[in-house]
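Input: a single structure, listed below in structure tokens.
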Amino acid sequence: MLLPLMDMAGKQTGEIEVSDAVFNGPIRQDLMHQALIRQLANARAGTHKTKTRGEVRGGGRKPWRQKGTGRARQGSIRAPQWKGGGTVFGPMPRSYAKAMPKKMRRAALRSALSSKAQAGQIVVVDDLVMDEPKTKRALEFLGNLGFEERSVLVILGESNMAVERSFSNLPKVKTLHGGFLNIHDLLSYDTVLFSRAAIEPVVSWLDVDAAGSENMVAETVETETEPETSLAGEAEE
């Protein structure tokens, strides 16, 4: 797989060869969906809480006697049917965390990168360097690449305060260290812009079990015998 290699002036200086397993592999929409749902669920705090009738302050005395008043029997003014009473079956603190095997998470990232690369939405910048934080300089750089109206995810190989602060005031741009690459950010931005220093660590990280995952997918397709199931499997791939 060849990706365009650009400079800070927006001119293509060549092409960079990257791993087909990471940038030109099978696109598994089911894995991408599962990984995205997992990430969003794990980000939830789960601290929501309502009080039951036993936790609301007051209501310890029976409001009136059981019989002879002509009114309905009541045991507490903090029962759910009373204003200011407790809540029945309300939300309680809990964990929303979902588990997903590491190989499946990496396969989902490879699918997202392959989808972006095949759509021409990945660009590599040869030397992404800025002397000082300047939002104007960042805007000029994006304009040279023709990305003024696009949302851009900038992947850096290492922390660079000048570059990060230059892009920080742009609402459609986010900078991210390559080690924190995630499915949500990959799917949320129109274009992914890699610095050349970030490509090799990302490829070495995601290419570890790529061959094993492809063999696993191939074996799954081969074992399907029913025509309807086979067609569904081919459509997902």
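The values are calculated or read from the model by the stated rules, or taken from the named source; none is laboratory data. Just so it is clear, the model here is predicted, and its values are computed rather than measured. No Cβ is skipped: glycine too gets one built from the backbone with ideal geometry, and neighbour counts run over all protein chains shown.
Quick grid of which residues meet (1) among the basic types (Lys, Arg); (2) exposed (fewer than 15 other Cβ atoms within 10 Å of the Cβ); (3) not assigned by TED's automatic domain parsing to the domain that holds residue 13:
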position: 124; (1), (2), (3): no, no, no
position: 127; (1), (2), (3): no, yes, no
position: 137; (1), (2), (3): yes, no, no
position: 142; (1), (2), (3): no, no, no
position: 145; (1), (2), (3): no, no, no
position: 154; (1), (2), (3): no, no, no
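For residue 10, state whether it is more than 28 Å from the chain's Cα centre (by Cα) and either in the same structural domain as residue 75 (by TED's automatic domain parsing) or loosely packed, with under 13 Cβ neighbours inside 10 Å (or both). For residue 10, the condition - more than 28 Å from the chain's Cα centre (by Cα) and either in the same structural domain as residue 75 (by TED's automatic domain parsing) or loosely packed, with under 13 Cβ neighbours inside 10 Å (or both) - is not met. Within region 42-61, one or more residues are closer than 30 Å to residue 115 by Cα, under 50 Å from the mean Cα position of the chain (by Cα), touching a residue at least 12 places away in the same chain (Cβ under 8 Å) and surrounded by 13 or more Cβ atoms within 10 Å (Cβ to Cβ). Take residue 111 and tell me if it is surrounded by 12 or more Cβ atoms within 10 Å (Cβ to Cβ) and either touching a helix residue (DSSP H, G or I) at 6+ places or on another chain (Cβ under 7 Å) or of a type in the set (S, T, N, Q) (or both). For residue 111, the condition - surrounded by 12 or more Cβ atoms within 10 Å (Cβ to Cβ) and either touching a helix residue (DSSP H, G or I) at 6+ places or on another chain (Cβ under 7 Å) or of a type in the set (S, T, N, Q) (or both) - is met. Scanning region 126-144 for residues that are more than 20 Å from residue 197 (Cα to Cα) and touching a Leu at 6+ places or on another chain (Cβ under 8 Å) gives 135, 139. Identify, please: which residue in region 31-58 is assigned to a loop (DSSP other than H, G, I, E, B) and in contact with a Phe, Trp or Tyr (Cβ under 8 Å, 6 or more places away or on another chain) and is, among those, nearest to residue 93 (Cα to Cα)? Here the answer is 46. Quick one: is residue 129 in a loop (DSSP other than H, G, I, E, B), closer than 23 Å to residue 12 by Cα and touching a residue at least 60 places away in the same chain (Cβ under 8 Å)? So residue 129 fits the description; yes.
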